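Below is one structure, written out as structure tokens; comments come after it.
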Amino acid sequence: MIIVGVYTLVTVTAILGNLLVILSYIFNRFVRSKMANVFILNLSISDFLVGSVVMFCDVLVIILGRWPFGNVACSIWLSTHYFAINMSIVTICVISIDRLFLVSDVLKYRRNESNVTSLCIVAGVWIYSVFFTALYATTTEDITYPTQRRGGELRCLVATQNAHNMFISVMLENLDFAVPLLLIIVINVTVAFKVHRKLNNPKLNTSHSTQRALNTLGSRSKFYEVSSQHDNGFVNVSYIGDSCDRLSHHQDDRNEGNHKIDGVRGNGSMETSILATEWMSFASDISNKLQRNTKRKIKGPKQEECCKAAKSLIVLTSVYISCWLPFHILVFLQSWKIFEAEETIWEILQRLTWFNSVINPFLYAKMNIRYRLGILKILCFRKNYQIRINRLTNTL
């Protein structure tokens, strides 16, 4: 009973977690404003189907000890299962490609960013998933002939292979997991390589450091002009301007900043001495600033965005592979009669694949600030929390 209770809690978490992600997208404009968030929404919909249909019915089967919903419901349950898992893997491929475009050229990605484009891509994912489900349904007897399914009337089992046509089984297995897995791995390696190259490109770092130093020191640079020297040893110095801005110098005392420098005596070369001293100090500040910056790597806004995109992609795909790879390895071994696993192992690995739908909402909340704030706005009913969250969302 403890195991059933834990599994029930996990199922409820999958349902509520993905529902929060969906509601966060629907009710918050700042979440909808980013094109990539549409893909996360689509992944949440597939995970919600896994939790609310697949896992929920599985909990009832465990409690009752049999499949209580009849033959037609078994076909619907199996079709929903295949549709949801296929849409998950295709959506993760889309997210991977999207992150690759972002890392390759941030500015071009932002220029071409469009919700219309993302919605068309999502529509294509749905069409492909429906096609794949129909292909699976027409080649798997458990769906087309539910009264003759494996396990009889009391069980509704996920088909792992087509016993009558090994070619179809291998083809579906490749479309379902092997090809997408290879694509995801290649994209992740490419993204990691591009981010590493951006962060270790000395030209990018040096140019950014130079610009940052000039921006910082430019605000402190002041320019003066020596206008006259008195017999008492004091010098009139007219303040011209800050930050390389040229200001018109008038003879009117109201437009001049007359500053006295005590203790300065000498001939007409004093003008050159004062200006040279000011510029030497300014140049020294720049040199010191650049030396400090080149010793450490500075990540600009584009580099930082690329790093976040790469990290979120690698974490998302790593979790997916960890949950799904053991099951598909077992399917491969079983299909070619290399290894015959016990039914308990099948059940454990099958439920491990569904557990991916439980983890994903926490990944979105952790690694996507827009979804995180959107979820907090839904969960936090206290007025002061709402005010603080609204202030944060206004900055996005």
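Read-outs throughout are calculated quantities, based only on the coordinates presented, and are distinct from any laboratory measurement. Please read these numbers as outputs of a predicted model, since none were measured by experiment. Here Cβ is always computed from backbone atoms with ideal geometry, including for glycine, and neighbour counts include all displayed protein chains.
If you take all other residues with their beta carbon under 15 Å from the beta carbon of residue 93, and give Lys and Arg +1 and Asp and Glu -1, the sum is -1.
For the listed peptides 59-70, 39-50, 352-363, a ranking on the average number of other beta carbons within 10 Å per residue, highest first, reads 39-50, 352-363, 59-70.
Taken one residue at a time, the phi angles of region 364-378 give Karplus couplings (6.51, -1.76, 1.60, θ = phi - 60°) of 4, 5, 7, 10, 10, 5, 5, 5, 4, 5, x, 5, 5, 5, 6 Hz. Gly and Pro are set to x.
May I ask you to compute the full-extension gain from residue 179 to residue 192, defined as 0.36 nm times their residue separation minus their alpha-carbon distance, rounded to one decimal in nm?
On the way: separation 13, 0.36 × 13 = 4.68 nm, distance 2.02 nm.
Contour length minus Cα-Cα distance gives 2.7 nm.
Gain on full extension, evaluated as 0.36 nm per residue between residue 141 and residue 339 minus their Cα-Cα distance, stands at 69.0 nm.
Which of the peptides 173-182, 336-345 is most tightly packed, and how do the rest follow, judged by the mean count of other Cβ atoms within 10 Å per residue? All intermediate terms of the calculation are to be shown ahead of the outcome.
Values: 173-182: 16.6, 336-345: 9.6.
Ranking, from highest mean packing down: 173-182, 336-345.
For residue 8 and residue 362, a Förster radius of 22 Å and the Cβ-Cβ distance give a FRET efficiency of 0.75, rounded to the nearest 0.05.
Converting phi to 3J(HN,Hα) with the Karplus coefficients 6.51, -1.76 and 1.60 and the offset θ = phi - 60°, region 125-135 yields 4, 5, 4, 5, 5, 5, 4, 5, 5, 5, 4 Hz in sequence order, with x at every glycine or proline.
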